[in-house]
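The numbers here are math on the coordinates, done by the rules we state, and not lab data. This is a predicted model, so every value here is computed, not measured. FYI the Cβ positions are ideal-geometry reconstructions off the backbone, even for glycines, and counts take in every protein chain you see.
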Amino acid sequence: MWRRLALAGALITLSSSARAQVEEMEMRGAFFDQNGHGYQSVAGPPQGPGSEHALIFEPLFHLLIKQSEAWTHVVDVTVDIVSNASIDAIDAVSTASAVNEAATIDVTSAHNGGDTTLAIRYGGHIEEPLRSVFAGGAVTQRLADDNFAISLSGLATFDFFDHVDRHGSQLGEEGRQTLNANLSVSQILSPTTVVDASYGFTLQAGTLQTTYNSVPLVGGGRGDEVFAGRRFRHAFAGRIAQHVPDTRSTLKLSYRYYVDNYDLSAHTVEGQLYQYLVDWLYVRGSYRYHWQSGVDFYGTAFEPGLLQPETSDSDLAPFTAHEVGLKLVLLAERSPWEGLKRSFIEASFYHYWRTNDLQVNWLALAFGRKF
Amino acid sequence: MPKALVATVLLVATVAATGCAIVPKNRRMYLADPTMQASDSPLEDRARRKLHNSREGAAGGDGEPAGGGCGCSN
């Protein structure tokens, strides 16, 4: 039944050949409960900070479709149902149940030819004030009997959105363009060790600020958020994964450094420890640390009438963030239950908190199956 | 600081690319374990990335650009 359902879904989004087969599918439901305050929000005292409370339900779907020996297609669909969503924050003060919906479809079609994989990626995103399309490609070359792989990818994203000002008025349509390029390498170091490294560059142009965000003004009142023009982002990342056969454990450590021309830099470190409890059940504990300096035009009160970049968005402030997570995965393909063979079931919980008053609890349940 | 990081990344990449003995395919049993994959689940990665990108100012790179959807102006 799952196979038929998955294939029917795939055919809606992809006109593949009659030989196409669904190789794997995954369904995931995630629920987020966010609480906190930020000076960009007007859901509070006039000078802020206002509430950033939101409830988010996020169903996600994933299909891997094999069209032929060489061609595969990955289709990911994400839906967000958000209460007190950003565009509705203007009326969130009086309409606490305001809801926004968003959906994304992301398709990657890959041609696997020996040691080289060529892929194209395309899709779109839609939500209340914004429409977005993206397209790109990637090439991966495997060397040394697949011990080493190098990958180069690029993606262009075009956002079109209604200019909704901080009073809720619509002032026409605006756009934002994003170009992204990435280089990554992966190397097997031993029968139990793998390392990865990557560099990514992103250029953004167009209207970058959130048009309905506002900043508190000295002496009362609020002004518009203004960004500093084109944004150039750089991210360097490295990761090592080590398996320990004696204890049936795996340890993954990663580090990421980020810097951009808004004078924001960030260090992110994450550790994940996997431990098999039995052959078909493992638990994963994780901790993530993130520190960022904040953009150089962040503030919580600005002089009125200044024609300069200014934002009070708490996401762009200096802060430290922590995240702890726990995940339990049942690998049914190894389990004693015949009916669940080739499937997996997963439950995870994360607690994320920032030092500038934001907390998120996140619960997710997932079911997947290979065919 | 950025120069030091660039140098570190390049060093790791160079060592990774040149300094290792080849592990034959019949000795990759542990590397094929589900816990050793680059991603546990593409959907989990997507959901976590969105959580972080829409609440932190350091999106972009890592194979995924900033932009598109909520949190895009971060």
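A Förster radius of 41 Å, combined with the Cβ-Cβ distance separating A:Asp162 from A:Val278, puts the computed FRET efficiency at roughly 0.15.
Given R0 = 56 Å, the distance between the Cβ atoms of A:Leu183 and A:Asp33 translates into a calculated FRET efficiency of 0.90.
When the Cα positions of A:Phe349, A:Leu365, A:Ala317 are compared along the charge dipole of the range A:294-371, A:Leu365 comes out farthest toward the positive end, with charges on each C-beta of Lys, Arg, Asp and Glu. Sketch the reach of a paramagnetic label on A:Leu253 as a point 7 Å from Cα along Cα-to-Cβ, and name the residues of the range A:317-359 whose backbone nitrogen lies under 19 Å away. Of the residues in the range A:317-359, A:323-325 have backbone N under 19 Å from the label point off A:Leu253. Stretched out straight at 0.36 nm per residue, the stretch from A:Val244 to A:Ile150 would grow longer than its current Cα-Cα span by 31.2 nm. Segment A:Ile81..A:Glu338, full-extension length gain: 88.9 nm, with 0.36 nm per residue of separation and the alpha-carbon distance subtracted.
This model, with +1 at the C-beta of Lys and Arg and -1 at the C-beta of Asp and Glu, gives chain A a dipole about its Cα centre of some 1320 debye.
Charge tally around A:Ala228: other residues with Cβ under 12 Å, Lys/Arg +1 each, Asp/Glu -1 each, net -3.
Near A:Thr210, within a Cβ-to-Cβ distance under 11 Å, what is the net charge of the other residues, with Lys and Arg +1 and Asp and Glu -1? Please list the in-between numbers first.
On the way: positive: A:Arg166, A:Arg176; negative: A:Asp165, A:Asp224, A:Glu225, A:Asp313, A:Asp315.
It works out to a net charge of -3.
With the simple model of a label 7 Å out from the Cα in the direction of the Cβ, A:Ala205 to B:Arg49 spans 2.4 nm. Extension gain for the segment A:Thr116 to A:Asp224, taken as residue separation times 0.36 nm less the Cα-Cα distance, is 34.0 nm to one decimal. By how many degrees, between 0 and 90 and to the nearest 10, does the Cα long axis of helix A:2-13 differ from the longest principal axis of chain A? Value to nearest ten degrees: 50.
Once the Cβ-Cβ distance between A:Ala103 and B:Lys25 is put in as r, and R0 is 51 Å, what FRET efficiency do you end up with, to the nearest 0.05? Don't skip to the answer; put the middle values down first.
Numbers: r = 41 Å, r/R0 = 0.80.
Efficiency, rounded to the nearest 0.05: 0.80.
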